[in-house]
Amino acid sequence: MLQVLVKQSMSKTHLALVTGANRGIGLEIVRQLAARGVGTVLAARELDKGLAAAGQLKAQGLDVSVVTLDVSRAESIARAVAQVEGDFGPIDILVNNAAILIDGPGGFDASLFDLTPDTLRATFETNLIGPLELIRAVVPGMRRQRYGRVVNVSSAAGQLAHMGMGFPGYRMSKAALNALTCIAAAEVAQDGADIKINAVDPGWVRTDMGGRDAARSVEQGAETAVWLATLAADGPTGGFFRDKKSIAW
């Protein structure tokens with residue numbers, strides 16, 4: 001797969017990489033970060049879709065760079081991170097937004113007993129292993145510069161405190177992403193550096209995944225992720241948040 005980084009000149013205080021960012025919540029996170037003056041790289045699986053999304057932002061006076069990145073492929077992750085760091089320097093902010101929901105027919109009623117191993121594997125490749133590999137690729141640079149913010153876009157569907165039936169593969173992958181958040185935050189906390197790793201539940205948002213009947217706008221869905229991506233040094237780490245408030249795992 002051809003890996004392309006389309007660069008804009010960046011005058012930045014920090015550099016952010018946002019995955020799955022050509023539409024929906026990811027695109028809105030990019031917009032809000034860029035509007036704050038953060039140098040932002042929009043990552044998308046397909047370059048043309050990434051460029052189209054960046055064009056929307058350019059029309060609003062916001063310049064962002066674009067990189068092709070398939071989070072389900074380790075070689076794509078390594079190549080994209082190397083390209084971004086080679087062109088712009090260390091990544092200060094990582095937002096793991098890319099995710100899939102492919103549990104099949106039935107939607108909220110999709111049954112665990114109809115879930116195929118292939119569907120579960122594909123879901124975990126994108127929703128868990130991709131974020132894990134990105135954290136492992138980016139956090140060493142954060143450790144060297146003693147600063148970093150990682151935001152894992154999770155879901156209330158992964159809350160063990162309120163776990164129920166429906167879309168089981170997605171639920172399990174987000175519960176696992178929450179566990180990854182806790183483990184990674186605990187490990188980097190030992191360094192004493194200003195690195196914070198948190199998870200966010202954006203709520204039920206009107207996107208291609210959430211559907212038109214969802215209660216929240218993309219602006220509302222992105223707000224807490226952007227807050228976590230730009231936390232001050234005294235901000236929280238190792239937590240799960242909705243509307244800038246801590247929620248149960």
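The values are calculated or read from the model by the stated rules, or taken from the named source; none is laboratory data. No experiment lies behind these values; they were computed from the predicted model shown. For neighbour counting, all protein chains shown are included, and Cβ atoms are generated from backbone atoms with ideal geometry for every residue, glycine included. Keep in mind that these areas ignore ligands, DNA and RNA; they rest on the heavy atoms of the full protein, side chains included. Shrake-Rupley method; radii C 1.70, N 1.55, O 1.52, S 1.80 Å.
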Exercise for review: Excluding Ile77 itself, calculate the net charge of residues whose Cβ lies under 15 Å from the Cβ of Ile77, where each Lys or Arg counts +1 and each Asp or Glu counts -1.
Suggested key: -1
Review point. Under a 1.4 Å probe, what is the accessible area of the chain per residue, stated in Å²?
Key: 45
Check your understanding: How do 215-226, 13-24, 39-50 rank on mean C-beta neighbours within 10 Å, highest first?
Key -> 13-24, 39-50, 215-226
**Study point:** Peptides 91-101, 175-185, 62-72 ordered by average Cβ neighbours within 10 Å, highest first
**Key:** 91-101, 62-72, 175-185
Practice item. Grab the other residues whose beta carbon is less than 14 angstrom from that of Phe108, score K and R as +1, D and E as -1, and report the net. Key: -3
Practice item. Using a 1.4 angstrom probe on heavy atoms only, work out the carbon and sulfur share of the accessible area of segment 72-199 in %. Key: 59
Exercise for review: Give the label of the value calculated from the structure for Rg/Rh (Cα atoms, Kirkwood Rh), choosing from [x] 0.98; [y] 0.94; [z] 1.11.
Suggested key: [y]
**Study point:** Set Lys174/Lys245; Lys58/Lys244; Lys196/Lys244; Lys49/Lys244; Lys58/Lys245 screened for pairs whose C-alpha atoms are more than 24 Å apart
**Key:** Lys58/Lys244; Lys49/Lys244; Lys58/Lys245
Check your understanding: Arg146 versus Asp191, label points 7 Å from Cα toward the beta carbon: distance in nm?
Key -> 1.2
Revision key, fill the gap. Highest mean packing first, using Cβ neighbours within 10 angstrom, the peptides 25-35, 164-174 sort as 25-35, 164-174
